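J.: Below: one structure in structure tokens.
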Amino acid sequence: MLSEFARRLLAWYDVSARRLPWRGIHDPYAIWVSEVMLQQTRVETVIPYFQRWMERFPTLIALAGAPEQEALQLWEGLGYYTRARNLHKAAQIVVHEYGGELPSDRAALEHLPGIGRYTAAAIASIAFGLDEATLDGNIRRVLARAFNMDLPARSPSGERRLWQLARQHLPAGRAGDYNQALMDLGATICTPRAPACFICPLETLCLARRLGVQEQLPRLERRAPVPHYLVAAAVIQKDEQVLITQRPAQGLLGGMWEFPGGKIEAGESLQDGLRREICEELGIRIEVGELLGVFKHAYTHFRVTLHAFYCKVLEGEPAALQAADWRWASLHQLEDFPMGKIDRQISRKLADKNSEAFGKPIPD
């Protein structure tokens, strides 16, 4: 039997659903791609990436047959690059083990790289019409407010309660619409700050609204302070080329290319730390010259301030001691290598400076 909560939600969704490029289609692969891209990323950011991705990799088989570096390059700027690597790896598994057809079973989906409980349920309900409830940040917020849940939303007990609520009101046969309706409501009306309760279809049912505590929910556990790291990178020049290195496949920005360098240790100067890092990473001795620029970026669990310096090799030949690979690349070739945000900023600053960037003498 349809609960009043689900009835109002679906009635609102039937007339107010957002028009998105992955909606109204029956391609499980496209829905899978959209759900992975939407993890920890806003819809407005995802749309152009999704459209470019589907243009280049229109089918799961096309993705599986492409080099991983091409997938990473197309993903560049979207962040959380493990998602792209897992998509590529999972596509190859689906081709080899499932004949190129994405499995519809939630448990089978969860065995694929990068697909957890939430994403598997979302794909199963939206792409295959299965009666699976799911949770994302928007859904957590809507449910916590509608049912005035006082438990921290990300705590084990809070998670259990939210999954219970999501399943309790799941309308048989319309799970996909129900899940997407909750997502849309959280994204457009039941927002983290200043929710538009006066136009919400659940206003008179919402317990938090009735008590006037909607902006205090969901309860979040206090986060530890975000660490900050000082980093230095070397723009090593040789014959109008620069040296770039590839990060190991596992870990942050795995498989991406960067200007070599690393964290500065306590008591080190930027220059001393950079010389040490380059020796450890590539086995060469460098001279550190003029500062190219200072770049800041916030990752999920830490922040960095990176100082990039022009450098030249004094002794030795590069070797991939701590890097997966290394290359000499001209300025125009740098765009062909997938990079994280800071390294792309460095490469573009170099391109902007062009003739000024290369051959710049290093002060004695």
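None of the figures in this text is laboratory data; all of them are computed from the coordinates on show. Since this is a predicted model, take the numbers as computed values, not measurements. Backbone-built Cβ (ideal geometry, glycine too); neighbour counts: all protein chains shown.
J.: Return one number: the angle in degrees, 0 to 90 and rounded to the nearest 10, between the long axis of the Cα atoms of helix 341-353 and the longest principal axis of the Cα atoms of the chain.
T.: The helix 341-353 is inclined about 50 degrees to the chain.
J.: Given bins 10 angstrom wide, list per bin the percent of all Cα-Cα distances in the chain, short to long.
T.: The percentages, shortest bin first, are 5, 21, 25, 21, 16, 9, 3, 0, 0.
J.: A follow-up question, please. Local charge sum around Ser330 (other residues, Cβ-Cβ under 12 Å, Lys/Arg +1, Asp/Glu -1)? Spell out each step's value before the answer.
T.: Details: positive: Lys238, Arg327; negative: Asp239, Glu240, Glu335, Asp336.
Combined, the nearby Lys, Arg, Asp and Glu give -2.
J.: Between the DSSP loop rule and a limit of at most 16 other Cβ atoms within 10 Å, which GluC sites (Glu not before Pro) in the stretch 84-134 are left?
T.: Glu101
J.: Name the residue farthest towards the positive end of the dipole of the chain from the options Thr82, Ile244, Ala320, assuming +1 on Cβ of Lys and Arg, -1 on Cβ of Asp and Glu, about the Cα centre.
T.: Thr82
J.: Then there's this: When the dipole is taken about the Cα centre of the chain, and only Lys, Arg (+1) and Asp, Glu (-1) are charged at their Cβ, what size is it in debye, to the nearest 20? Mind showing how you got there, number by number?
T.: Numbers: 43 positive and 43 negative charges, 332 e Å.
Result for the chain is approximately 1600 debye, rounded to the nearest 20.
J.: Relative to the Cα centre, what is the charge dipole magnitude of the stretch 228-356, using +1 at the beta carbon of each Lys and Arg, -1 at the beta carbon of each Asp and Glu, and rounding to the nearest 20 debye?
T.: Values: 15 positive and 19 negative charges, 93 e Å.
The calculation lands at about 440 debye.
J.: Reachable lysines from Lys353, Cα under 19 Å, same-chain residues fewer than 8 places away excluded?
T.: Lys238, Lys312, Lys341
J.: Which GluC sites (Glu not before Pro) in the stretch 220-300 pass both tests, a DSSP loop state and at most 11 other beta-carbon atoms within 10 Å?
T.: Values: sites: Glu221, Glu240, Glu258, Glu265, Glu268, Glu277, Glu280, Glu281, Glu287, Glu290; in loops: Glu221, Glu240, Glu265, Glu268.
Counting only loop positions with at most 11 other Cβ atoms within 10 Å, the GluC sites (Glu not before Pro) in the stretch 220-300 are Glu221, Glu265.
J.: Okay, moving on. Is the shape of the stretch 4-216 best called rounded, prolate or oblate, per the rule: a/c under 1.5 gives rounded, else a/b larger than b/c gives prolate, else oblate, with a ≥ b ≥ c the square roots of the Cα gyration tensor eigenvalues? Walk me through the numbers before you get to the answer.
T.: Working: a/c = 2.01, a/b = 1.85, b/c = 1.09.
The shape class here is prolate.
J.: Using Cα pairs under 8 angstrom and six or more residues apart, how large is the relative contact order of the chain, in percent? Show your work: numbers first, answer last.
T.: Values: 595 pairs, mean separation 54.7, N = 364.
For the chain, the relative contact order is 15 percent.
J.: For Lys349, list the aspartates and glutamates whose Cα falls under 13 Å from its own Cα; do not include residues on the same chain fewer than 8 positions away.
T.: Cross-link targets: Glu335.
J.: Provide the per-residue ³J(HN,Hα) series for the stretch 54-66, in order, calculated from phi with Karplus coefficients 6.51, -1.76, 1.60 and θ = phi - 60°, each as a whole number of Hz, with x at glycine and proline positions.
T.: Residue by residue, the stretch 54-66 yields 5, 5, 7, 10, x, 9, 4, 5, 5, 5, 4, x, 8 Hz.
J.: Next up: By how many degrees, between 0 and 90 and to the nearest 10, does the Cα long axis of helix 82-98 differ from the longest principal axis of the chain?
T.: For helix 82-98, the angle is close to 70 degrees.
J.: Would you mind finding the longest exposed-site-free stretch of the chain, with exposed trypsin sites (Lys or Arg not before Pro) meaning DSSP loop and at most 15 other Cβ atoms within 10 Å? Write down the numbers at each step before the final one.
T.: Working: sites that count: Arg18, Arg19, Arg23, Arg42, Arg154, Arg193, Arg222, Arg223.
It runs 224-364.
J.: Moving to a separate point now. Within the stretch 266-310, report the chymotrypsin sites (Phe, Trp or Tyr not before Pro) that DSSP leaves as loop and that have at most 14 other Cβ atoms within 10 Å.
T.: Values: sites: Phe295, Tyr299, Phe302, Phe309, Tyr310; in loops: Tyr299, Phe302.
Those satisfying the criteria are Phe302.
J.: Also: Given Cβ point charges of +1 (Lys, Arg) and -1 (Asp, Glu) and nothing else, what value in debye, to the nearest 20, does the dipole of the stretch 4-216 about its Cα centre take? Kindly include the intermediate steps, with their values, before the conclusion.
T.: On the way: 24 positive and 22 negative charges, 146 e Å.
Roughly 700 debye for the stretch 4-216.
J.: In square nanometres, what is the average projected area of the Cα convex hull of the stretch 222-281?
T.: Mean orientational projected area (the stretch 222-281, Cα hull): 5.7 nm².
J.: Determine the sum of side-chain charges near Cys190: Lys and Arg each +1, Asp and Glu each -1, restricted to other residues whose C-beta is under 12 angstrom from that of Cys190.
T.: Details: positive: Arg140, Arg141, Arg145, Arg193, Arg209; negative: Asp184, Glu203, Glu215.
Charge balance near Cys190 sits at +2.
J.: If one takes the longest principal axis of the Cα atoms in the chain, at what angle in degrees, from 0 to 90 and to the nearest 10, does the Cα axis of helix 117-128 lie?
T.: 60 degrees
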